[in-house]
Amino acid sequence: MPQVAQPPEARPYNRALRLTFEYEGSNVKLVSTQSVEMLLPPTQSLEGHEDQTGFWFTLSNAQGKAVYRRAIHQPIAYDREVFSNDPKNPSVQRVPVDKPKGTFVVLVPDVQEARTVQLFSHPLTVAGRGQAAREFARFTITSEQIKGEKK
Amino acid sequence: MGAGDGQVVGTTQIVDHGAASQKWNLVILSEGYKAAELTKFHTDCANFVATMFATPPFDELWCGMNVFRIDVSSTDSGAKDPTACGGTGANPKTYFDASFCNNGIQRLLEVNTSTVHTVVNAQLPQAHMIMVVVNSTEYGGSGGDVATFSLASGANEIGLHEMGHTAFGFADEYEYYAGCGSGETGHDKYTGGEPTQPNVTANANRATNKWRDLIAAATPMPTTTNKDCTKCDPQSNPFSASTVGAYEGAFYNHCGAYRPQFTCRMRALGNPYCAVCQRVIRQTISPFMASWTWGTNTIGAGQTQRWWLSWSGYPGLEWVGVQPVTPGAELDWDTPGMQKNADGSTLYWITVRNKSSVTVTFHFRGSAL
């Protein structure tokens, strides 16, 4: 009986959109979109995350079907990690932040048929960690927004 | 203040395994170095790169990675060190506005990440991971989208821990929020959903745990339990350091969440990445290698089996071969067959024979055309 090999790690995409976001609290703005010739890691599994907690982003096509997904560490800093080299303290711990504000970057494949990026997260508070992630921001990217796009 | 307090001098590729468009790229920027001190930054960068190269599994993935250094000079040296946190009161003018004492915590050393991204977007937009080295010997650092750390002894561990978060999506494996002795409440037992991160879980069921393929049959599940969920588990590791299982206490909770090994760099600085984290790092960076492992399989003693694989990835695939993992294994295999399908995908097949008297684990290796 022939066996099917384990699914391969797909060869990475060869062009990416570098999306720079700014956030203040849970308000997220897309401030820059660059098209860049670069490889991206393959997508992670696209389905089966409905009840999971954490942060991830997806890239969806015109039919609303996700074609790329990566989970990343929570980029919206409602708490911060603090480090220590003092043996009396833990080497790492967390502290809450009152007014989260900052910038983060997301890399998605630059494929013309898929230009909607969705951000998913559990509620953006320390207490919200553990609750199911929900879409909290969506950006449809037009060609006019993209710097450096290969025509 | 900020970008007016220095200038971007230039970008240098210090680990060169190919074009930035073809490799996984780490970018390291200088902060708080005056122009005359940039040579020191070059040395500091080289020291971090040496540390990283000595850190498994980056050593075996090295050919898939590039490292770039972006020299940014500042008007003054160091970082702001407010007296409010017991600092010296130093207030240097630096390009990325590095400062200790963020959020009232002396060791929380942060930079203006918006300015960092502006520089990286202009200098090396192919960056997959960004770090900033701050020219101060006082211990400090921070994470998030940009890993920041000082030159104090051991601070480069912050970079490796934060790279685990930012580049590979790891969760924290420590079992507290503020600290085991902090008297914290609200972190006794995790009752939330399954974390999407690969290295923590709420599921200690052997049959469904997400890293179950790495757990030996003899390892109990859960592997350890915390008898008093009001505090961190004080027990030492009852198993060997390399045993993978489900150790209770992770993801900021004393109970109810599990980590794969007793310790890991994502639990406490200065430890190796655990086996689960190492596997994810390999899965992420291997596709940037000239050839990589696309699957791991087993074949019984004396058996002959054929495997099929449909490939639709970019741009095309070339079989490199079969690589035994089990020591002493004797395998042979036919030249792989290949057929183009109407949908543009390619079907490959390969027959493998195990001439050993034991079950053999092996990798399929491939490379991009």
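The values are calculated or read from the model by the stated rules, or taken from the named source; none is laboratory data. If you're wondering where the values come from, they're calculated on a predicted model, not measured in any experiment. Here the Cβ positions follow ideal geometry from the backbone for every residue, glycine too, while neighbour counts run over all protein chains shown. These accessible areas exclude ligands, DNA and RNA; they are computed on the full protein's heavy atoms, side chains included. Shrake-Rupley method; radii C 1.70, N 1.55, O 1.52, S 1.80 Å.
Backbone geometry of segment B:321-328 corresponds, through the Karplus equation with coefficients 6.51, -1.76 and 1.60 at θ = phi - 60°, to 3J(HN,Hα) couplings of x, 10, 10, x, 9, 5, x, x Hz, x marking Gly and Pro. If you take the Cα centroid of segment B:218-247 and the Cα centroid of segment B:1-33, the two points sit 42 Å apart.
Accessible-area loss of 20 Å² or more (1.4 Å probe, protein heavy atoms, chain alone versus all protein chains) is found in segment B:243-261 for B:251, B:252. Between the C-alpha center of segment B:39-69 and that of segment A:27-41 there is a gap of 25 Å.
Taking all protein chains as they are arranged and a probe of 1.4 Å, the heavy atoms of residue B:71 leave approximately 10 Å² accessible to solvent.
For segment B:166-256, the relative contact order works out to 42 percent when only alpha carbon pairs closer than 8 Å and six or more residues apart are counted.
With all protein chains in place and a 1.4 Å probe, the accessible surface of segment B:1-148 carries 50 percent carbon and sulfur.
With θ taken as phi - 60° and the Karplus curve 6.51 cos²θ - 1.76 cosθ + 1.60 applied, the whole-hertz 3J(HN,Hα) list for segment B:212-221 is 4, 5, 9, 9, 6, 4, 7, 7, x, 10 Hz, x standing for glycine and proline.
What's the angle, to the nearest 10 degrees (0 to 90), between helix B:113-123's Cα axis and the longest principal axis of chain B? Orientation of helix B:113-123: about 60 degrees from the principal axis.
The largest accessible area among A:50, B:173, A:22 belongs to the first residue in A:50, A:22, B:173, and the rest follow in falling order (1.4 Å probe, all chains). For segment B:172-182, the Karplus equation 6.51 cos²θ - 1.76 cosθ + 1.60, evaluated at θ = phi - 60°, returns couplings of 6, 9, 6, 9, 9, 9, 9, x, 5, x, 7 Hz by residue, with Gly and Pro reported as x. Going from the isolated chain to the complete set of protein chains, segment A:77-96 loses at least 40 Å² of heavy-atom accessible area (1.4 Å probe) at A:80, A:81, A:82, A:83, A:85, A:91, A:92, A:93, A:94. For the segment A:41-54, counting C-beta atoms of other chains within 10 Å of every residue's C-beta and taking the mean gives 4. Where the alpha-carbon atoms of segment B:123-168 are placed on the principal axes, they occupy 31, 23, 13 Å, in descending order.
Here segment B:113-260 was treated as a single set of alpha-carbon atoms; its pair distances binned every 10 Å from 0 give 11, 31, 31, 20, 7, 0 percent.
Between the Cα long axis of helix B:275-285 and the first principal axis of chain B there is an angle of about 90°, rounded to the nearest 10. Within segment B:20-46, the residues that become at least 40 Å² less accessible when every protein chain is included than when their own chain is isolated (1.4 Å probe; DNA, RNA and ligands ignored) are B:21, B:22. Per residue, the average separation of C-alpha pairs within less than 8 Å and at least 6 apart gives segment A:1-132 a relative contact order of 30 percent. Relative contact order, whole percent, for segment B:62-141 stands at 25, derived from Cα pairs under 8 Å and 6 or more residues apart.
Remark on chain B: B:45, B:63, B:277 stand apart, with no other cysteine beta carbon under 4.7 Å. The charge dipole of segment B:154-241, taken about its Cα centre with unit charges on the Cβ of Lys, Arg, Asp and Glu (plus for the first two, minus for the last two), comes to roughly 360 debye. Taking all protein chains as shown and a probe of 1.4 angstrom, residue A:26 keeps an accessible surface of around 80 Å².
Straight Cα distances below 17 angstrom link residue A:101 to the lysines A:29, with same-chain residues fewer than 8 positions distant left out. Give, to the nearest whole percent, the P(r) tail of chain B beyond 32 angstrom, counting all Cα pairs. It works out to 45 percent of all Cα pairs. As an equivalent ellipsoid, segment B:28-86 spans semi-axes of 28, 15, 9 angstrom, where each value is the square root of five times an eigenvalue of the C-alpha gyration tensor, largest first.
Equivalent-ellipsoid semi-axes for the protein assembly as shown (Cα gyration tensor, √(5λ), whole Å, largest first): 37, 29, 23. Expressed as a whole percent, the accessible area of segment B:186-246 that falls on carbon and sulfur atoms is 55 (1.4 Å probe).
Of the residues B:232, B:63, the one with the largest accessible area comes first in the ranking B:63, B:232, computed with a 1.4 Å probe on protein heavy atoms. Sorting B:52, B:221 by accessible area puts them as B:221, B:52; the probe is 1.4 Å, largest comes first, and only protein heavy atoms count. The coefficient of translational diffusion for chain A, derived via Stokes-Einstein from the alpha carbon Kirkwood radius under 37 °C and 0.692 mPa s, stands at 190 µm²/s. Could you tell me whether segment B:9-139 comes out rounded, prolate or oblate from its Cα gyration tensor? Rule is a ≥ b ≥ c as square roots of the eigenvalues, rounded for a/c under 1.5, then prolate if a/b exceeds b/c, otherwise oblate. Since a/c reaches 1.5 and a/b is larger than b/c, the shape of segment B:9-139 is classed as prolate.
Once the 1.4 Å probe is applied to the protein heavy atoms, the protein assembly as shown comes out at 40 Å² accessible per residue. Sorted on the mean count of surrounding Cβ atoms within 10 Å across their residues, most packed first, peptides B:192-200, B:24-32, A:32-40 read B:24-32, B:192-200, A:32-40.
In chain A, the portion of solvent-accessible area held by carbon and sulfur atoms comes to 49 percent [1.4 Å probe, whole percent, DNA, RNA and ligands not counted].
Only beta bridges with both residues in chain B are counted; by DSSP, about 70 percent of them are antiparallel. Inter-chain neighbour count for B:179-192: the average number of beta-carbon atoms from partner chains within 10 Å of each residue's beta-carbon is 2. Using alpha carbons only, how many degrees (0 to 90, rounded to 10) separate the axis of helix B:38-53 from the longest principal axis of chain B? Approximately 30 degrees, to the nearest ten. Summed over both chains, the accessible area lost when A and B associate is about 5400 Å², using a 1.4 Å probe.
Put simply, the amide H of residue B:108, placed in the peptide plane, has neighbours under 5 Å in B:101, B:102, leaving out anything fewer than 5 places away on its chain. In this structure the amide hydrogen of residue B:257, modeled in the peptide plane, comes within under 5 Å of the amide hydrogens of B:190, B:249, B:250, none closer than 5 places in sequence on its chain.
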